[in-house]
Amino acid sequence: MALVKRKGITISRQLLDDQKLHPEATGALTALLSDLVVAGKIISAEVNMAGLADILGQSGRTNIQGENVQKLDVFANQTIKRRMEQCGHICVMASEEEDDPIPSLPGYEGNYTIAFDPLDGSTNIDVNVSVGTIFSIHRRASSGGPGTVADLLQKGSSQVAAGYIIYGSSTMIVYTTGSGVHGFTLDPSVGEFFLSHPHMRIPDASLYYSVNEAYAPYWFDDTRDFVNYLKSDANGRKPYSARYIGSLVSDFHRNLVKGGIFLYPRDKKSSDKTEGKLRLLYEAAPLAMVVEQAGGRAVTDDGRRILDIEPTGLHQRVPLIIGSQHDVDLAELFLRGGRP
Ligand code: AHG
Ligand code: MN
Ligand code: MN
């Protein structure tokens, strides 16, 4: 049934309609995602007050990534953990902010796992630039009881749901359960998410490229040549415009809506960026599912499809090239040493 943009369709209604597409569904995934939506509303309220509450700035901790943890990172992480550990549908979790797998409360284990980045783009919180939450959901691989790390280390192609919440000029949830991508906007006056972007498709032609050009001196030659090609007007078309927010969710969302390509490639200088900066489990893989469901592509800079990568660690990093199909195809040509 064609979804039409109408204030009447809530995310709860859409989740139930998605469920109907899977006759074997028990309603567990619907319930899980509904609890995640509640976490999103709680985080959104806090993010939108960040300047007023004592929630800006650093928490004084550093995480496994060696990054300074912001107070809002901690708040978002706690909020999602609390909702998920007692929803009764999760057997184990992985969070960017936690070194090890997070169990559900004893007796509340279920048949799914969730990996999440509780607050993506944290360095932007104190400067009032949009940030987000990214989530990835798999069916458990083990048979029952507390989940294991093996339940979390599954290929992106076996995700049953993925998406993100973006806390920007409005708060939106964009998600897929494998039958297309839908966007919902929070109406804070009633505390409900309403369908605002039915059947999202990423435009094939692209307007924007997103990459942190401060690292250009460390890029491999093919990466450098590709970005220079996008910026050049010598190819008989308008050069791309540069847009780089520094929040993956925000850069990704803009490209999903307008068309574009985001790159966080390997670099050859810094030892901690031999695989880029972004994490497979809770950044690259969920956004790869969303972009492919919207008609785009997501690969590494050595041509591997993100959704085909067998994870080996909860916080494993991968180079990420993601966005409009035409642009990712072109990037791959350059990265194979070819030129148009
Ligand atoms: P997080 O805040 O969850 O650590 O993620 C930040 C990531 C991502 O959101 C963004 O694209 C990237 O870091 C920006 O990195 P640089 O500052 O190196 O460009
Ligand atoms: Mn992140
Ligand atoms: Mn984060």
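Odds and ends about this structure:
- Relative frequency of Cα-Cα separations exceeding 26 Å in the chain, percent: 46
- Max mean-square fluctuation residue, GNM over the chain, Cα-Cα springs under 10 Å, options SER143, SER34, SER59: SER143
- Per-residue ellipticity at 222 nm computed for the chain from its helices equals -8000 deg cm²/dmol, with DSSP H segments shorter than 4 residues left out and the rest contributing -39,500 (n - 2.57).
- Summarised in one figure, the compactness ratio Rg/Rh of the stretch 208-335, Cα atoms and Kirkwood Rh, is 0.94.
- Pairs from the list LYS155/LYS277; LYS81/LYS155; LYS20/LYS258 with a Cα-Cα gap above 27 Å: LYS20/LYS258.
- Neighbour counting of Cβ atoms within 10 Å sorts the residues ASP233, ASP120, fewest neighbours leading, into ASP233, ASP120.
- Cβ charges +1 (Lys, Arg) and -1 (Asp, Glu), total dipole of the chain, debye: 820
- In the stretch 77-191, the inverse of the mean reciprocal separation of distinct Cα atoms equals 15.0 Å; this is its Kirkwood hydrodynamic radius.
- Theoretical gain in end-to-end length, GLU98 to SER12 [0.36 nm per residue, Cα-Cα removed]: 28.0 nm
- Ordered by the count of other Cβ atoms within 10 Å of each Cβ, fewest first, LEU320, LEU195 give LEU195, LEU320.
- Options VAL299, TYR112, GLN58, ranked by Cα towards positive dipole end of the chain, top entry (Cβ charges): VAL299
- Gap separating the Cα centres of the stretch 82-103 and the stretch 150-202, nearest whole Å: 19
- Remark: spin-label model distance LYS258-ALA141 equals 4.0 nm, labels positioned 7 Å along the Cα→Cβ axis.
Just so you know, all these numbers are worked out from the coordinates, no wet-lab data involved. No experiment lies behind these values; they were computed from the predicted model shown. Every residue, glycine as well, gets a Cβ built from its backbone with ideal geometry; the counts of neighbours run over all protein chains shown.
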